[in-house]
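**Q** Once you've had a glance at the structure underneath, I'll fire off some questions.
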Amino acid sequence: MQILSKSKLNAALDLLSRQAELFVPLARGEESGYYPWKSYQAGSDQLMLDALNVMLPPKGVVFPQTERIYSFTGNDKGVEIKESFENHDPRIIFGIRACDTAALDCFDDVFLTMGYVDSLYAARRENTTIIAHACYRPGDNCFCAAMGIDPTEPTKADVIIRDTGDAYIWESKTDKGDKLTAALSSLLEDREAATPEMQAFKHQVDYEGVAEKLKDMFEHSIWDELSQTCQTCGICTYVCPSCYCFDIQVKSWGDEGYRFRCYDSCMYPEYTQMAGGHNPRGDSRERFRNRFLHKLEFFKERYGKPLCTGCGRCIVACPAGIDITQIIKQIKEADTSAGA
Amino acid sequence: MTDISLKIREIAARLLESGQVDMFIGWEEGEEQYQTRPFIAHRVEDVEKLVFNQYAVHNLANALLKYRDGSEKIGMLAKGCDSRGIVRLLQDGQFQRERLYIVGIACPGMKDPLAAAKSRSGFLPAVTDSGLAAKCTDCIEPNPVIYDELIGEKETPRVQEGQRFKLVQDIENMTLEERYRFFEDIFSRCIRCYACRQACVACNCRTCIFDEMKPQWVGRETSISDNFMYHLVRASHMAGRCIECGECERVCPVNIPLMLINQKLIKDVNAFFGPYEAGMAYTEGAKPPLSSYQENDPDNFL
Amino acid sequence: MPEHKCDCENPLVPGIVEVIDIKDETPDVKSFFVRSVDGGVPFNVMPGQLGMVSLMPVGEGMYSVSWQEEQEYLQFAIKRVGLMTDELHRIEVGQKLGVRGPYGNGFPVEECKGRDMLFIAGGIGLAPLRSFIKYCFKHRRDYRRIQIIYGSRSYNDLCFKDELFDKWPREQDTEVYTTIDNPEAAWDGHVGFVPAYLEEISPSPEGKIAVVCGPPIMIKFVLQSLEKMGYGDEQVISTLEMRMKCGIGKCGRCNVGSEYICLDGPVFTLAQLKKLPPEW
């Protein structure tokens, strides 16, 4: 086995960050997320590799909050597209968990398949290497296994690291992973170590059959009750590693400008507001229903997997205490006989 | 706290049974006590879930906005901050007094369920579950200012003498350069999730200025200039109207100290147009200071 | 895949076109005729497909292509309803725009061959249907009897008046029925809403395909009426509209259930619609 001793971790991160922009899970101030290792400041930042996960998801590395699409010059005489903003800079995400790589898997389905390839996403994604961190100790709100994910085998990983206590087992999975292994060869040791043992999930969630059941539950009264206290604040969509809805807007000054995209949330009132005044989802109940149907049913119908990866962030962050696992449970138990 | 919870259940059951209200807004507990959240009881059986514990921090007045166009009669619990939120809605013409039956309850100070959830989540370095929620440490009015029925013992304001605007004064004492860097650092974190706006009772415009496209006042990019604009414009709209419930800061997923900005404006409005505290009493026709004009209004900042 | 004449691989980048003509259809609807700057059309469309039009510094909007005239031009009939269309209505001939497409699934023109066609439209809803209607007239022998029922708020709001009153009624085996919402002094035609007029005319469902477009509320009433009149779910087609941004099935917002209007639609049969949540 290839082993990276924890005493050599900093050296490894330094080495990797010379190859590419290296993103690591850090606690910074009062929040936590994925930040460039180069920006690490001892004293105020803390590496979170020993923690369960971080509050803000790593989707920003391949799908940033704001991204320019193309720039143009235009006036009544003529219009010219100047440049398209694909970014091919190499990046590495280190320490990403299975729930978050499964979310990236969902992103790959959305942006790279179904007739069109989103070139901005493709450029970033192709040049991003994933060093995933196998998880053996699920947290209180974790339910990735219920959503079909194996926390000890993160999907789409180029390398998987497994924490044995004083070291990481370093397991290359792809050619990209092999390249990194070669780059780190001076720091890796060749010896045996015991794979950690998987501990039980504290939170029992049963998603079996829920997607099927939801197909006939669009008009069910359960949505009235579940959506009552939702403020449609949108925090869930921002902390979710698999939420990807975006808006396209333009910034222009004089004859120049650029079109950009930015995160949008299906929870906002103007999400489906049409210029003529019609809004199919004007009510918060309708938007709430659409969000959970998308997560638990529509995405599965379209891409074969649910859009929720069981990371538990929305459960922690929701100001109204809305819990997707409770929703799954209530759907499973719902009475769908006529008149329900 | 259990006596209070039983009393609340009695009252809610009575109101629902008699038809005096169509629904009753309060709190319920999840599996753990810290998983307390707003709850709406529609039937008498639902009242069993109502509790009032040390995590009942949410501003229930915000829940009224969903029902502003309806005609349901609504019963609700209201702590100090909730009741000031109700006054805010009444003053803004967003709700009618006749539709409400307010059960005022004095607040002993609350803990924050979000902080408790975050500290147990495994997403942050081990944080001990500290005491009072940040918003409660500056509380100037824990007793309900408007109610139809009052329960609980009268509480004293928690804010220490002379401490109310301490942090604001610290910032005021910084140089312009230092102040700019302080806010630049804070606003660069903003992910423009608009949760602060959604959680705010005073943010009740039908079409929010930040959703307006003709013209678009503030861009959607999270550039530092757009982030500054968003927060400063929103704060200006709060001047003279913010009832200091602190929900904006509590819900922020990146911990931006929003109350600092709001408190600065409260201090300024007090100084220029005061003495004035928003939402302290409902008088029909009363307007916040920036919604009315007097000839002798100070204008040396123009 | 899009055929826009842009060298880059970014599917969100439009090709540049020139507006070669602008025609006033109604007080708030204009037809814009566009052609690529170096000649020809930016892409070929089938009836019912969509194009994303960019007025560069202002914004983008998704519109059905009302007609493609060979390699001469693409015609978009656009109603002035919001920020971008407001600005669009102010431009002049010669202005350059961005256009990308073709998007969407288009009408099943092949499958409908040999059938009687019933087109039902309200307001600007005639714009997408017109591409199918003109296609039928262009390939007249492939389709049998054609009936067009069209209504708008007022006489002024009727689109494509020259075709509606002059060209189309003169086509072989074709009937055109027009109605307006309220009586007007100079109008001696039918007065009333489209769904009611439809039930009055009561076209037989025998061997027919009904194609419907208009404001969502009108579509819903017409679908109900057609069902009452005995039309089967596979005989009724509609084309829907939603707020769209990317046009390529990625930004998430134009979904009706698990289908994206920009990618899987905008054309759906009633059979397909019944399997989807009625949220449009």
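**Q** Restricting region A:219-236 to residues that are farther than 25 Å from B:C248 by Cα and in a loop (DSSP other than H, G, I, E, B), which is nearest to the other protein chains (Cβ to nearest Cβ)?
**A** The extreme case among them is A:E219.
**Q** Can B:T207 be described as of a type in the set (S, T, N, Q) and either touching a Lys or Arg at 6+ places or on another chain (Cβ under 7 Å) or crowded, with 16+ Cβ neighbours inside 10 Å (or both)?
**A** Spelling it out, it is not the case that B:T207 is of a type in the set (S, T, N, Q) and either touching a Lys or Arg at 6+ places or on another chain (Cβ under 7 Å) or crowded, with 16+ Cβ neighbours inside 10 Å (or both).
**Q** Ok, one more. Select from region A:142-172 the residues that are free of Cβ contacts under 8 Å to residues at least 40 places away in the same chain and surrounded by 18 or more Cβ atoms within 10 Å (Cβ to Cβ) and list them in ascending order.
**A** A:D158, A:V159, A:I160, A:R162 - these are the residues of region A:142-172 that are free of Cβ contacts under 8 Å to residues at least 40 places away in the same chain and surrounded by 18 or more Cβ atoms within 10 Å (Cβ to Cβ).
**Q** What are the residues in region A:72-105 that are of a type outside the set (G, A, S), under 30 Å from A:D163 (Cβ atoms) and in contact with a Leu (Cβ under 9 Å, 6 or more places away or on another chain), if any?
**A** A:R91, A:I92, A:I93, A:F94, A:I96, A:R97
**Q** Given the structure, is C:E110 under 24 Å from C:L158 (Cβ atoms) and away from chain A (no Cβ under 14 Å)?
**A** No.
**Q** Output the number of residues of region C:250-266 satisfying the condition of being facing chain A (nearest Cβ under 7 Å) and either within 17 Å of the chain's Cα centre (by Cα) or part of a loop (DSSP other than H, G, I, E, B) (or both).
**A** Going through region C:250-266 one residue at a time, the tally reaches 7.
**Q** Can you go through A:A145, A:A157, A:A132, A:A193 and tell me which one is among the hydrophobic types (A, V, I, L, M, F, W, C) and modelled with pLDDT under 95?
**A** Checking each option against the conditions leaves just A:A193.
**Q** While we're looking at this one, here's another question. When residues of region B:67-93 are filtered for being surrounded by fewer than 23 Cβ atoms within 10 Å (Cβ to Cβ) and more than 16 Å from the chain's Cα centre (by Cα), how many remain?
**A** Of the residues in that region, 9 qualify.
**Q** Which condition number in (1) part of a helix (DSSP H, G or I); (2) of a type in the set (S, T, N, Q); (3) in contact with a helix residue (DSSP H, G or I) (Cβ under 8 Å, 6 or more places away or on another chain) is the one that B:N143 fails?
**A** Of the numbered conditions (1) part of a helix (DSSP H, G or I); (2) of a type in the set (S, T, N, Q); (3) in contact with a helix residue (DSSP H, G or I) (Cβ under 8 Å, 6 or more places away or on another chain), the odd one out for B:N143 is (1).
Residues are listed down the side, and each one gets a yes or a no for (1) in contact (Cβ under 8 Å) with a residue 24 or more places away in the chain; (2) polar (S, T, N, Q):
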site: B:Q96; (1), (2): no, yes
site: B:V103; (1), (2): yes, no
site: B:G109; (1), (2): yes, no
site: B:P113; (1), (2): yes, no
site: B:S121; (1), (2): no, yes
site: B:A126; (1), (2): no, no
site: B:A133; (1), (2): yes, no
site: B:C139; (1), (2): yes, no
site: B:P144; (1), (2): yes, no
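**Q** Scanning region C:72-87 for residues that are within 11 Å of chain A (Cβ to nearest Cβ) and over 12 Å from C:F33 (Cβ atoms), which turns out surrounded by the fewest Cβ atoms within 10 Å (Cβ to Cβ)?
**A** Residue satisfying both the conditions and the ranking: C:D86.
**Q** Can you name the residue in region C:7-37 that is facing chain A (nearest Cβ under 7 Å) and either part of a loop (DSSP other than H, G, I, E, B) or surrounded by fewer than 16 Cβ atoms within 10 Å (Cβ to Cβ) (or both) and, of all such residues, is modelled with the lowest pLDDT?
**A** My answer is C:C8.
**Q** Also: If a residue has to be touching a residue at least 40 places away in the same chain (Cβ under 8 Å) and farther than 25 Å from C:P14 by Cβ to count, how many in region C:98-129 make the cut?
**A** Qualifying residue count for the region: 15.
**Q** Quick check on my filter: what residues within region B:92-140 are in contact with a strand residue (DSSP E or B) (Cβ under 9 Å, 6 or more places away or on another chain), within 14 Å of chain A (Cβ to nearest Cβ) and part of a loop (DSSP other than H, G, I, E, B)?
**A** Selection gives B:F123, B:L124, B:P125.
**Q** Across region A:252-282, which residue is surrounded by the most Cβ atoms within 10 Å (Cβ to Cβ) among those that are more than 9 Å from chain C (Cβ to nearest Cβ) and either outside any loop (DSSP other than H, G, I, E, B) or in contact (Cβ under 8 Å) with a residue 40 or more places away in the chain (or both)?
**A** This residue is A:Y263.
**Q** Just the residues that are assigned to a helix (DSSP H, G or I), of a type in the set (D, E, K, R) and touching a residue at least 40 places away in the same chain (Cβ under 8 Å), please, taken from region A:89-131.
**A** Passing the criteria: A:D100, A:D105, A:D108, A:D109, A:R124, A:R125.
**Q** Another question, if that's okay. When residues of region B:219-240 are filtered for being buried (at least 18 other Cβ atoms within 10 Å of the Cβ), within 11 Å of another protein chain (Cβ to nearest Cβ) and assigned to a loop (DSSP other than H, G, I, E, B), how many remain?
**A** 4
**Q** Name every residue in region C:220-247 that is in contact with a Cys (Cβ under 7 Å, 6 or more places away or on another chain) and either in contact (Cβ under 8 Å) with a residue 24 or more places away in the chain or of a type in the set (S, T, Y) (or both), in order of residue number.
**A** C:S238, C:T239, C:M242, C:M244, C:K245, C:G247
**Q** Mind listing whichever residues of region B:44-71 are within 19 Å of A:Q231 (Cα to Cα), assigned to a loop (DSSP other than H, G, I, E, B) and not small (G, A, S)?
**A** Scanning region B:44-71 gives B:Y55, B:V57, B:H58, B:N59, B:R68, B:D69.
**Q** Give me a count of the residues in region A:189-218 that are within 14 Å of chain C (Cβ to nearest Cβ), acidic (D, E) and not in a helix (DSSP H, G or I).
**A** 1
**Q** Follow-up. Say whether the condition of being at positive phi, surrounded by 15 or more Cβ atoms within 10 Å (Cβ to Cβ), within 14 Å of chain A (Cβ to nearest Cβ) and not acidic (D, E) is met by at least one residue in region C:219-236.
**A** Scanning region C:219-236 turns up no residue that is at positive phi, surrounded by 15 or more Cβ atoms within 10 Å (Cβ to Cβ), within 14 Å of chain A (Cβ to nearest Cβ) and not acidic (D, E).
**Q** Continuing with the same structure: Does any residue of region C:126-135 turn out to be within 14 Å of chain A (Cβ to nearest Cβ), under 24 Å from C:T178 (Cβ atoms) and small (G, A, S)?
**A** Yes, region C:126-135 contains a residue that is within 14 Å of chain A (Cβ to nearest Cβ), under 24 Å from C:T178 (Cβ atoms) and small (G, A, S).
**Q** Are there any strands (runs of 3 or more DSSP E) wholly within region A:1-77 with 3 or more residues that are buried (at least 16 other Cβ atoms within 10 Å of the Cβ) and either away from every other protein chain (no Cβ under 13 Å) or among the β-branched types (V, I, T) (or both), and if so which?
**A** So the answer is A:2-5, A:21-28, A:66-74.
**Q** Restricting attention to region A:283-310, and to residues there that are facing chain C (nearest Cβ under 8 Å) and in contact with a Phe, Trp or Tyr (Cβ under 9 Å, 6 or more places away or on another chain), which single residue is farthest from C:L12 (Cα to Cα)?
**A** Applying the filter and picking the extreme gives A:E286.
**Q** Additional query: Across region B:249-302, which residue is surrounded by the fewest Cβ atoms within 10 Å (Cβ to Cβ) among those that are in contact with a Gly (Cβ under 9 Å, 6 or more places away or on another chain) and small (G, A, S)?
**A** Of everything passing the filter in region B:249-302, B:S291 is surrounded by the fewest Cβ atoms within 10 Å (Cβ to Cβ).
**Q** Then there's this: Kindly provide the set of residues from region A:173-188 that are in a loop (DSSP other than H, G, I, E, B), surrounded by 13 or more Cβ atoms within 10 Å (Cβ to Cβ) and either under 25 Å from the mean Cα position of the chain (by Cα) or free of Cβ contacts under 8 Å to residues at least 24 places away in the same chain (or both), ordered by number.
**A** The answer is A:K173, A:T174.
**Q** Look at B:V159 and say whether it is away from every other protein chain (no Cβ under 14 Å) and in a helix (DSSP H, G or I).
**A** Answer is no for this residue.
The values are calculated or read from the model by the stated rules, or taken from the named source; none is laboratory data. Because the structure is predicted, anything quoted here is derived from the model rather than measured. FYI the Cβ positions are ideal-geometry reconstructions off the backbone, even for glycines, and counts take in every protein chain you see.
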